[in-house]
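Visitor: My structure is below; once you've seen it, I'll send some questions.
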Amino acid sequence: MCSGADVRLLEQCSGTEQIKQAGIGGTVFFTAVMAFIAASYALFTVFDNAWIALGFGLVWGLLIFNLDRFIVSTLKKRKRFYQEVLQAVPRLLLAVIIAVVISKPLEIKIFEKEIDRVLLEEKNQMTLDNREQLALQYLPEMEKLEGEVRALKAEIADKEAEVNTLYATFIAEAEGREGTLKIGKGPVYKEKREKHDAALAELQALRLTNNARIAQKLQAIKTLKANYERKVGSTQPVIDGFDGLMARVNALDQLPWLPSFFIFLLFLAIETTPIISKLLAPRGEYDMKLEDQEETLRVWAAQKAYQRRQHQVTDAAINDRVYEDLREDEALFAYKHEKARAIFQVQADAFYAQQKSNV
């Protein structure tokens, strides 16, 4: 049944012939099983749901089974080998396509650990790239705020240096080390002290103002950093989920090609085995019986077509003779003459009545 053979015809063949067809059918069946497994795994990586993957995998396996069964059943044994090869070429091309489709998901499963390593490296790099790209959205504003904070702190530090300088000046004046070089708190000392006190008051006011502004800007920087980390956290699951079917196929392409190629050759051999076995197998009893059955049907159909054509020719010839004889029949002529005369009389009466009504 799996080989597409006519079971009733095969029952009339020898056991060897039945075993040969069963072997071809078994290859078709197990190819479909491999297709079911491969498709189920591939779709599981897409949907992450076992039942959905098994359902679609079953449909795909049945589709491959039907295709393989069709390919094998339509490959007929001929008397000349080159005729069989010409038949097999398009079927072999289709088998190669099917082998590629079947083998790729199983390659992904076989090399799963190696693919996971490649995906981990890609995810790490994507994480770094993602942080850098998101930082471009927040970094300029944070750098601007940090520069303003540094400027405010520098303004306070400059004012502190100015106050310290004024303090050292009036102390040196009081000790007689600078200025008038007189020890004591004279008029010059008082003037320098007043200047220092005024600068100190300005420093205190500047500290209050700048510290408040610095606190605001530091809070803004903190908010930007929190928004950045929140954005990184919200985009990270997308990167963590980067392990779908296409990602794994691309990761597989980064691995050495030779092991993957040998697996493809294995599935190609499995997929093309029924076709090659039919090509290499000699014409058997089943093939002869099938050819005889098809030839009988072809001859019978040709005979029916010939009979239909002859029936048409004969019937036309008979009709010609019948109408030829009727042409010379005097009784038929007189009958039709009488009927035609009556029709003309009715038409003349109707015309006369219409003309009379118009007067």
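The values are calculated or read from the model by the stated rules, or taken from the named source; none is laboratory data. Keep in mind that this is a model prediction, so the values were computed, not measured. Glycine gets a Cβ as well: all are built from the backbone with ideal geometry, and neighbour counts include every protein chain shown.
Visitor: Going by the structure shown, is Gln137 modelled with pLDDT of 80 or more, within 30 Å of Val238 (Cβ to Cβ) and either touching a helix residue (DSSP H, G or I) at 6+ places or on another chain (Cβ under 8 Å) or assigned to a helix (DSSP H, G or I) (or both)?
Guide: So Gln137 passes the test.
Visitor: Please go through segment 211-246 and pick out each residue that is over 20 Å from Glu146 (Cβ atoms) and among the hydroxyl-bearing types (Ser, Thr, Tyr).
Guide: Ser234, Thr235
Visitor: For the subset of segment 23-62 comprising residues that are touching a Gly at 6+ places or on another chain (Cβ under 7 Å) and small (Gly, Ala, Ser), which member is surrounded by the most Cβ atoms within 10 Å (Cβ to Cβ)?
Guide: Ala35
Visitor: Say whether the condition of being among the aliphatic types (A, V, I, L, M), farther than 22 Å from Ile24 by Cβ, touching a helix residue (DSSP H, G or I) at 6+ places or on another chain (Cβ under 9 Å) and buried (at least 18 other Cβ atoms within 10 Å of the Cβ) is met by at least one residue in segment 91-113.
Guide: So far as segment 91-113 goes, yes, one or more of its residues are among the aliphatic types (A, V, I, L, M), farther than 22 Å from Ile24 by Cβ, touching a helix residue (DSSP H, G or I) at 6+ places or on another chain (Cβ under 9 Å) and buried (at least 18 other Cβ atoms within 10 Å of the Cβ).
Visitor: Please verify whether segment 207-221 includes one or more residues that are surrounded by fewer than 14 Cβ atoms within 10 Å (Cβ to Cβ) and under 30 Å from Val72 (Cα atoms).
Guide: Among the residues of segment 207-221, not one is surrounded by fewer than 14 Cβ atoms within 10 Å (Cβ to Cβ) and under 30 Å from Val72 (Cα atoms), which makes the answer no.
Visitor: Something else about it: Just to confirm my filter: which helices (runs of 4 or more DSSP H) fall fully inside segment 215-332 and include at least 1 residues that are modelled with pLDDT of 80 or more, out of contact with any Leu (no Cβ under 9 Å at 6 or more places or on another chain) and within 28 Å of Phe29 (Cβ to Cβ)?
Guide: Ranges flagged: 245-253, 257-280.
Visitor: So Lys278 fits all but one of (1) closer than 30 Å to Leu92 by Cα; (2) basic (Lys, Arg); (3) not assigned by TED's automatic domain parsing to the domain that holds Val85; what number is the exception?
Guide: (3)
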